[in-house]
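Reading through the structure tokens given below for one structure.
The values are calculated or read from the model by the stated rules, or taken from the named source; none is laboratory data. What you see is a predicted model; the values in this text were computed from it and never measured. Cβ placement follows ideal geometry from the backbone for every residue including glycine, while neighbour counts extend to all protein chains displayed.
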Amino acid sequence: MNEELLGKYKLVVGMEVHIQPKTEQKMFCGCDANIWGAEPNTHTCPTCLGLPGALPVPNLEGVKKAQMLGLALNCTLNSDSRFDSKEFIWKKT
């Protein structure tokens with residue numbers, strides 16, 4: 001490769017990590033989170049199906065557990081977080 005060209009760029013790697021905190025309800029709706037062994041599509045609602053007009057609400061217990069994990073892993077937690085939903089932004093305009 002051309003060394004001059006490589007010197008102009010910096011490698012930036014991002015990671016998206018998904019966790020499943022042990023909570024009674026799903027992360028963005030009130031549906032039962034105990035899905036293991038249940039029949040398919042029996043623990044669903046308009047919100048978790050992503051239907052139009054169904055607005056997600058973050059589960060406070062799930063948020064707290066995610067923060068606890070971040071602290072346990074010695075991560076830096078944001079003092080201010082923002083959650084935007086496509087559905088909510090569309091309805092505001």
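Kindly indicate whether any position in segment 26-47 is part of a loop (DSSP other than H, G, I, E, B), of a type in the set (Lys, Arg) and either under 23 Å from residue 78 (Cα atoms) or more than 15 Å from the chain's Cα centre (by Cα) (or both).
Within segment 26-47, one or more residues are part of a loop (DSSP other than H, G, I, E, B), of a type in the set (Lys, Arg) and either under 23 Å from residue 78 (Cα atoms) or more than 15 Å from the chain's Cα centre (by Cα) (or both).
Residue 54 is checked against (1) surrounded by fewer than 11 Cβ atoms within 10 Å (Cβ to Cβ); (2) more than 19 Å from residue 81 (Cα to Cα); (3) among the aliphatic types (A, V, I, L, M) and fails just one. What number does that condition carry?
(1)
Over 22 Å from residue 69 (Cβ atoms) and at pLDDT below 85 - does that describe any residue in segment 12-22?
yes
Kindly indicate which of 17, 12, 63 is surrounded by 10 or more Cβ atoms within 10 Å (Cβ to Cβ) and of a type in the set (Val, Ile, Thr). Break it down into steps so the answer makes sense when it comes.
Working: 17 fails: surrounded by 10 or more Cβ atoms within 10 Å (Cβ to Cβ); 12 fails: surrounded by 10 or more Cβ atoms within 10 Å (Cβ to Cβ).
That would be 63, the only listed residue that is surrounded by 10 or more Cβ atoms within 10 Å (Cβ to Cβ) and of a type in the set (Val, Ile, Thr).
Could you count how many residues in segment 48-86 are farther than 18 Å from residue 18 by Cβ, of a type outside the set (A, V, I, L, M, F, W, C) and not in a loop (DSSP other than H, G, I, E, B)?
Here the count works out to 1.
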